[in-house]
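Trainee: Below are the structure tokens for one structure; questions will follow.
The values are calculated or read from the model by the stated rules, or taken from the named source; none is laboratory data. Computed from a predicted structure; not experimentally measured. FYI the Cβ positions are ideal-geometry reconstructions off the backbone, even for glycines, and counts take in every protein chain you see.
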Amino acid sequence: MGVMAGTGLRLRFAEELRLFLAPRYRSAAPFSAPYDGASSLGHVVQSLGVPLPEVGRLLADGQEVPDSHRPRGGELIDVEAVPRPQRLPETGLLLDVHLGTLARWLRLLGLDTEYRNDLDDDTLLARANTDRRVLLTQDRGLLKRRALWYGCYVRGAGPDEQLADVLDRFAPRLAPWTRCMACNGRLVVATKDEVEPLLQPGTRRTYDVFSRCLSCGRAYWRGAHGGRLAALVDRAQETVAARERRTGE
Ligand SMILES: [Zn+2]
């Protein structure tokens, strides 16, 4: 141990991971990074900016190694991205405070999605672990925390890109119009009479499918020609189908 201290490592990161690297490291070619001769490969990868939950296989000179591996120096390290689609536990998702629109859209698609806008990092991490939900975040520091059981970096500056990324990553089974966008509660079919006190004038004529949230009581309605949210559902189903086609190839 330590004999090769000071020797650099050569590293090559999968394209999907290069956004986490410093700009000078972002080309496709392997690059050399300083190595203290003692740190684990997982530590080296994270100190270069890449959170381990985003990492798939690690290869040292072509041999798969665990993230606890201590390179001897001089090896070529390949860092692969986590393979897609990734399994989504039935315990569902927990979204970071900055992902409110994404949370609403995931609920629209029927995914069990916890979201609050007032949780600090420690509380988010503890809740993800306790409830066994996948934490979706754009906070790299949070994803690097060892205690987090299962996290995922969401790519994209706006909710459209973010939604496409999450759907591509998990290819989840969608159940549109089954969850409340406001509170994640289950929706049940309702009659016009039941929801009428909650409807705007004109809604009664135009819409013919009504539902009600079992948790907060909010009413939802849809017409035959769905509008913006129905278009979002259509796009989401196409994104998942495209991922399944690519996976099947
Ligand atoms: Zn609700």
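Trainee: Here is a check on your reading of the model: is Ala190 more than 16 Å from the ligand (Cβ to nearest atom) and surrounded by 17 or more Cβ atoms within 10 Å (Cβ to Cβ)?
Mentor: Taking the combined requirement at face value, the residue does not satisfy it.
Trainee: For Ala231, indicate whether it is at pLDDT 80 or above, within 16 Å of the ligand (Cβ to nearest atom) and either of a type in the set (Gly, Ala, Ser) or touching a helix residue (DSSP H, G or I) at 6+ places or on another chain (Cβ under 7 Å) (or both).
Mentor: Judged against the criteria, Ala231 is not a match.
Trainee: Still on this structure, please answer the following. How about the stretch 117-157: which of its residues are surrounded by fewer than 19 Cβ atoms within 10 Å (Cβ to Cβ) and of a type in the set (Gly, Ala, Ser)?
Mentor: Ala126, Gly141, Ala147, Gly156, Ala157
Trainee: Residues that are of a type in the set (A, V, I, L, M), outside the structural domain of Val233 (by TED's automatic domain parsing) and assigned to a loop (DSSP other than H, G, I, E, B): does the stretch 98-113 have at least one?
Mentor: no
Okay, residues lined up against (1) within 25 Å of Arg132 (Cα to Cα); (2) among the charged types (D, E, K, R); (3) in the same structural domain as Leu136 (by TED's automatic domain parsing):
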| residue | (1), (2), (3) |
| --- | --- |
| Asn184 | yes, no, yes |
| Lys192 | no, yes, yes |
| Tyr207 | no, no, yes |
| Arg228 | no, yes, yes |
| Val233 | no, no, yes |
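Trainee: Report, ordered by the first and then the second residue, all pairs with beta carbons closer than 6 Å, sequence separation of six or more or different chains, a first member in the stretch 154-177 that is assigned by TED's automatic domain parsing to the domain that holds Arg235 and at positive phi, and a second member that is in a helix (DSSP H, G or I) and not aliphatic (A, V, I, L, M).
Mentor: Hits for this filter: Gly156/Gln162; Gly156/Asp165; Ala171/Arg243; Ala171/Glu244.
Trainee: Out of all the residues in the stretch 54-80, which are touching a residue at least 60 places away in the same chain (Cβ under 8 Å), under 18 Å from Arg140 (Cα atoms) and surrounded by fewer than 20 Cβ atoms within 10 Å (Cβ to Cβ)?
Mentor: Once the filter is applied, which keeps residues that are touching a residue at least 60 places away in the same chain (Cβ under 8 Å), under 18 Å from Arg140 (Cα atoms) and surrounded by fewer than 20 Cβ atoms within 10 Å (Cβ to Cβ), the stretch 54-80 yields only Glu80.
Trainee: Of the conditions (1) within 14 Å of the ligand (Cβ to nearest atom); (2) farther than 21 Å from Glu90 by Cβ; (3) among the basic types (Lys, Arg), Arg222 clears all except one; give me its number.
Mentor: Among (1) within 14 Å of the ligand (Cβ to nearest atom); (2) farther than 21 Å from Glu90 by Cβ; (3) among the basic types (Lys, Arg), Arg222 violates only (1).
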